[in-house]
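Down below is the structure, laid out as structure tokens.
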Amino acid sequence: MTETWLRRFYFGLVALFLAAPLIVVAGVSVNEKQDLAFPPVGFSLAWYGQIFTDPEWRLALIHSVTLAVCSAAIAVAVALPLAWFLWRRIAPWANIFQVLGLAPFILPPVITALGFLSFWATVGLFGQFFTAIISHAIFFVTLPLVTLSLGFASIDRSLVEAAATMGADDRTVLKTVVLPLILPYLVSGYAFAFVLSLNEYIVAYMTIGFTTETLPIKIFNALRYGYTPTMASVSVFFVAVAALVFGAIARFGDIRRLLGAMSSDGN
Amino acid sequence: MRREAPKSVADYTPLFFPALMLIVFFVVPFSTMIAVSFFKRNPAGFYTPDFVFDNYARFLSVFFGGVLGFSLMLAVLVAVCCVAIAFPFTYLLTRRPRRVQTLWLVGLLSVLSLSEVIIGFAWSTLFSRTAGITNLFVAIGLMDKPVALLPTFGAVLTGMVYQALPYTILVLYPALVRLDPTLLEAARTLGASPVRAFFNVVAPALRNTIVATLIMVFVFALGSYLLPQILGRPQHWTLSVLITDQAIYQSNMPFAAAMAVFLVLISLALVGMTLLVGRKENAL
């Protein structure tokens, strides 16, 4: 009995720690006047409207969403053939590309960001919007690569073999058997890359920070040059998007398996 | 379909695009950065090509030694706090029903994906005088008037633990969820209390996992580039903050690149150590 209560208490403490700053931010975001008071004074959802009506915030939102949509797509386009090749073929040296795909995520982000900054500055394309898309795609290629590798590993090879025995060539097998089986992993890989790209600051800042504002860059600039409750409402918006996306992955896929629980039938 | 070795050049086609992208946009930028670390600073532009060790020589200063020492100390502290909180938590979580686990995992992923900017903003609000936690203490009569809790070392540490805690839990999760439940049952049958079984059986069995996690969280914490800047004073700046500062605000790319190369070497050495620890565990 005491154990249960101890456990609940501990879970409650961790939950409180994780939620506390978000609760304060959510409180600040509904202030009626333009100051960051907590508990909020009055109640207004105007600051949420501001994200879409204020031209600067709306532009930042458009930049962020464009960046996330495109870079996650490229990340998946890079990861899919690589993961497929590694699953289909025995080519030990090709594993070097897997390591390359994982490296940007393991190294401290500042390093990858600085690498991109020196690269784009050297080739003379510094500041162009598409450089951020490519940089994010490479930076987040790890996520679809990991989910897709898991997806391929979960395919029963005898299914594929059956298709091949019945005369399907590589292309047909890929289209009719393999792709439908790994689709959930492909979608979650895209979703992970999308959410993280939406939130990413340092790589975006070092590639296009001087010319373009994404939402995280805009929030940081607002932090330095004057607070507004809009920052709080944007933050709440971000939490909501992340929770929605991961909630959808959990609803339609198996998030425990994606995060490393060995089999989907649990313990 | 069995895995087979590629027979013709055509079999390599799927590899072309990924290989091209990763080489052109990761290997080349990375090499460019290493090259730049040997370049000379050009105050007018970015840099001029050269081959000098000046940028590395600057490491041998008291200031840089101080920053490095502080960064390492802070990262160690964050790693220890996170693992101390996360290990029992993750263990208890993996014993819960699947629905509860899923719910927590969604929440943890949502916090983990948050931008450092947002985490910094959220904690700076929580620690501020006007909208902070101290207002709550005043309301329940613990304090006389609200105070600002930042910029302080405690604020930096709290923010970084907050950032790294979901990461720590998710790194520990696979090892703990796969832990053989009979291990614990045996301990319980032999009369150990749950707490005792946890400390005497579970924790020692996962000693290597704990060490590997400590190192991974340490590397993760080394990468924090904004929180020390938002929540701390300049003396709380870490190597990552300094790199950003040199690259962007001081426009000294070569020095920033040299520091980055140095940070890569530290991180790689530590990741290598993790792999070694992991290998030992598998060998057991």
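Observations on the model:
- Amide H contacts of B:TYR47 (H built 1.01 Å from N, under 5 Å, at least 5 apart or other chain): B:ASN42
- Per-residue ellipticity at 222 nm computed for chain B from its helices equals -20500 deg cm²/dmol, with DSSP H segments shorter than 4 residues left out and the rest contributing -39,500 (n - 2.57).
- Residue (of B:VAL67, B:PHE17, B:PRO97) at the positive-pole extreme of chain B, dipole from beta-carbon charges: B:PRO97
- Separation between Cα centres of segment B:228-272 and segment B:1-22, rounded to whole Å: 38
- Convex hull per residue volume in Å³, alpha carbons only, for segment B:62-283: 160
- Cα-based shape type of chain A, given that a ≥ b ≥ c are square roots of the gyration tensor eigenvalues and the cut on a/c is 1.5: oblate
- Base-10 log of normalised Debye intensity for segment A:38-193 (one unit scatterer per alpha-carbon) at q = 0.08, 0.09, 0.16, 0.19 Å⁻¹: -0.36, -0.44, -0.96, -1.15
- Between segment A:68-108 and segment B:167-214, the C-alpha centres lie 33 angstrom from each other.
- Kyte-Doolittle at least 0.0, axis length at least 24 Å by Cα - qualifying DSSP helices, chain A: A:2-28, A:55-88, A:179-199, A:229-252
- Taking the three principal axes of the alpha carbon atoms in segment A:103-211, the coordinate ranges are 57, 23, 20 Å, sorted in descending order.
- In summary, the lysines within cross-link reach of B:LYS7, defined as a Cα separation below 24 angstrom excluding same-chain residues under 8 places away, comprise A:LYS175.
- Placing +1 on each Lys and Arg Cβ and -1 on each Asp and Glu Cβ, with no other charges, gives segment A:55-258 a dipole about its Cα centre of roughly 140 debye.
- Dividing the alpha-carbon radius of gyration of the protein assembly as shown by the rule-of-thumb value 2.2 N^0.38 Å gives 1.00.
- Per-pair calculated FRET efficiency, R0 = 25 Å: B:LEU60 and B:LEU268 via Cβ, rounded to 0.05: 0.70
- The lysines whose alpha-carbon is closer than 24 Å to the alpha-carbon of B:LYS40, local same-chain residues fewer than 8 away aside, do not include any residue.
- Net length gained if the chain between A:TYR225 and A:THR66 were fully extended (0.36 nm per residue, minus Cα distance): 54.7 nm
Only the coordinates and a few stated rules stand behind these numbers; no lab work does. These numbers were taken from a predicted model, which means no experiment stands behind them. Methodologically, a virtual Cβ is constructed for each residue, glycine included, from the backbone with ideal geometry; neighbour enumeration extends over all protein chains shown.
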